[in-house]
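Peer 1: The structure's right below; bear with me while I get my questions together.
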Amino acid sequence: MAEAASPRPLDPQVADLVARIKRANRPPYWQYTPQDARAFHEKASKVLEIAPAAVADVRDLDIPVGDATIGARLYTGMEAKEPAPLLIFSHGGGFTLGSVEGYDAVCRMLANGARCKVLSLGYRLAPEHRFPTAAEDVYAAWKWAFDRHARLGVDAARVAGMGDSAGGTLTAQAALRARDDRLPLAAQVLLYPGTSAWQDTASHRIYAEGYLLDAKTIQWFFNQYLRDDADRMDWRFAPLDAPEFSGLAPALLQLAECDPLVDEGLAYGRKLADARVPVEIEVYEGAIHSFYNMGGALRAARQAHRDTVDYLRSVFGTSNVT
């Protein structure tokens, strides 16, 4: 898929959902304080999600990250066999919103579907903790998980990273660092990640308003997270600017066609392909940013879930586990 030149039509289910949300006339996030935006986001995110499934085990953990700790939740899928594959999940929310609890249903689905364990990370949020805190928290948690794989009942040769939106950014930068530190990352799954220092692509212009994630909200998120514009030049924020992509773990990019971030997701996929990194790119026609979390309402989201699970089963070798 080439970079967007004009708006693409929304999937009919997505169009109906967007119209209903517009009629509700809720204020955009940038009109809230960060704390109030978090509270609203936690309530709103439950409305459209899939039902949380039973899993074999759930444990809340504290993970040391430098001189602090972050909360995390470890899920064990119903058919996971120890030592199990591990998926390390970083949630989205513009580095400002989101939580482990808000992604509980998605992580349960992934644990059961991929027959693995899922470690969901509650990294510290902005503006209380600005760049590079989230990036450092996520990568420190990755190293912690690799170091303690035996205690966690995990096969260190079958560890993948995954995240959506800002969590995709955090996953991409952690995968780059894992390569440099020779951590044996098996794969990375990036859901509509932010990868660029500047929001100047065609898709940012075309989908700037009317597609739920608007341009003002994106900048509001970055104003919470970044200390100044110099932080934009750091590839931990903008993985597209990393100096080298060869040797990275194989990647699945799952992108939404009608999303301001789609062009930079495609650009990241090209960078990986040019560096001969095995990469699969799925662009979901007529879908919007954050659609993956709307599986209770959208067929496209449920298809994306199946695609993720199929990819992870292939990577983990769990397709035929009985």
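Peer 1: Please go through the stretch 1-51 and give me each residue that is part of a loop (DSSP other than H, G, I, E, B), of a type outside the set (Lys, Arg), buried (at least 16 other Cβ atoms within 10 Å of the Cβ) and in contact (Cβ under 8 Å) with a residue 40 or more places away in the chain, ordered by number.
Peer 2: Ala4, Leu10, Asp11, Leu48, Glu49, Ile50
Peer 1: Name the residue that is surrounded by the fewest Cβ atoms within 10 Å (Cβ to Cβ), counting only residues in the stretch 173-203 that are hydroxyl-bearing (Ser, Thr, Tyr) and in contact with a strand residue (DSSP E or B) (Cβ under 9 Å, 6 or more places away or on another chain).
Peer 2: Ser203
Peer 1: Out of Glu136, Glu128, report the one residue that is of a type in the set (Asp, Glu), under 30 Å from Ala230 (Cα atoms) and part of a loop (DSSP other than H, G, I, E, B).
Peer 2: Selected residue: Glu128, the only one of Glu136, Glu128 that is of a type in the set (Asp, Glu), under 30 Å from Ala230 (Cα atoms) and part of a loop (DSSP other than H, G, I, E, B).
Peer 1: Within the stretch 211-242, restricting attention to residues that are over 18 Å from the mean Cα position of the chain (by Cα) and among the small types (Gly, Ala, Ser), which residue is surrounded by the fewest Cβ atoms within 10 Å (Cβ to Cβ)?
Peer 2: Per the criteria, the residue is Ala230.
Peer 1: In the stretch 117-129, what residues are among the hydrophobic types (A, V, I, L, M, F, W, C) and either touching a Ser or Thr at 6+ places or on another chain (Cβ under 9 Å) or surrounded by fewer than 24 Cβ atoms within 10 Å (Cβ to Cβ) (or both)?
Peer 2: The answer is Val118, Leu121, Leu125, Ala126.
Results for (1) of a type outside the set (Phe, Trp, Tyr); (2) farther than 23 Å from Leu261 by Cα; (3) in contact with a helix residue (DSSP H, G or I) (Cβ under 9 Å, 6 or more places away or on another chain); (4) modelled with pLDDT under 95, shown as yes or no for each residue.
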| site | (1), (2), (3), (4) |
| --- | --- |
| Arg38 | yes, no, no, no |
| Glu42 | yes, no, yes, yes |
| Ala56 | yes, yes, yes, no |
| Thr69 | yes, yes, no, no |
| Pro83 | yes, yes, yes, no |
| Leu86 | yes, yes, yes, no |
| Leu97 | yes, no, yes, no |
| Gly102 | yes, no, yes, no |
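Peer 1: Continuing with the same structure: Which residue out of Ala275, Ala249 is on the phi < 0 side of the Ramachandran plot and either touching a helix residue (DSSP H, G or I) at 6+ places or on another chain (Cβ under 8 Å) or among the charged types (D, E, K, R) (or both)?
Peer 2: Every option except Ala249 fails the conditions.
Peer 1: Sticking with this one: When you look at Ala208, is it part of a loop (DSSP other than H, G, I, E, B), surrounded by fewer than 18 Cβ atoms within 10 Å (Cβ to Cβ), touching a helix residue (DSSP H, G or I) at 6+ places or on another chain (Cβ under 6 Å) and among the small types (Gly, Ala, Ser), yes or no?
Peer 2: In short, yes.
Peer 1: Something else now. Provide a single number: the residues in the stretch 268-302 that are touching an Asp or Glu at 6+ places or on another chain (Cβ under 9 Å), assigned to a helix (DSSP H, G or I) and surrounded by fewer than 18 Cβ atoms within 10 Å (Cβ to Cβ).
Peer 2: 1
Peer 1: While we're looking at this one, here's another question. Is it fair to say Ser90 is surrounded by 24 or more Cβ atoms within 10 Å (Cβ to Cβ), touching a Cys at 6+ places or on another chain (Cβ under 8 Å) and within 25 Å of Thr195 (Cα to Cα)?
Peer 2: So Ser90 fails the test.
Peer 1: Now, a different point. Name every residue in the stretch 182-205 that is under 20 Å from Phe89 (Cβ atoms) and either part of a strand (DSSP E or B) or not aliphatic (A, V, I, L, M) (or both), in order of residue number.
Peer 2: Once the filter is applied, which keeps residues that are under 20 Å from Phe89 (Cβ atoms) and either part of a strand (DSSP E or B) or not aliphatic (A, V, I, L, M) (or both), the stretch 182-205 yields Pro184, Leu185, Ala186, Ala187, Gln188, Val189, Leu190, Leu191, Tyr192, Pro193, Gly194, Thr195.
Peer 1: If you scan the stretch 169-184, which residues turn out to be closer than 22 Å to Thr76 by Cα and touching a Pro at 6+ places or on another chain (Cβ under 9 Å)?
Peer 2: Listed by number, the list holds a single entry, Thr171.
Peer 1: If you go through the stretch 104-116 one residue at a time, do you hit one that is at pLDDT 95 or above, buried (at least 24 other Cβ atoms within 10 Å of the Cβ) and assigned to a strand (DSSP E or B)?
Peer 2: no
The values are calculated or read from the model by the stated rules, or taken from the named source; none is laboratory data. This one's a predicted model, so the numbers in the text were calculated from it and none came from an experiment. Cβ coordinates were reconstructed from backbone atoms using ideal geometry, including for glycine residues, and neighbour counts include every protein chain displayed.
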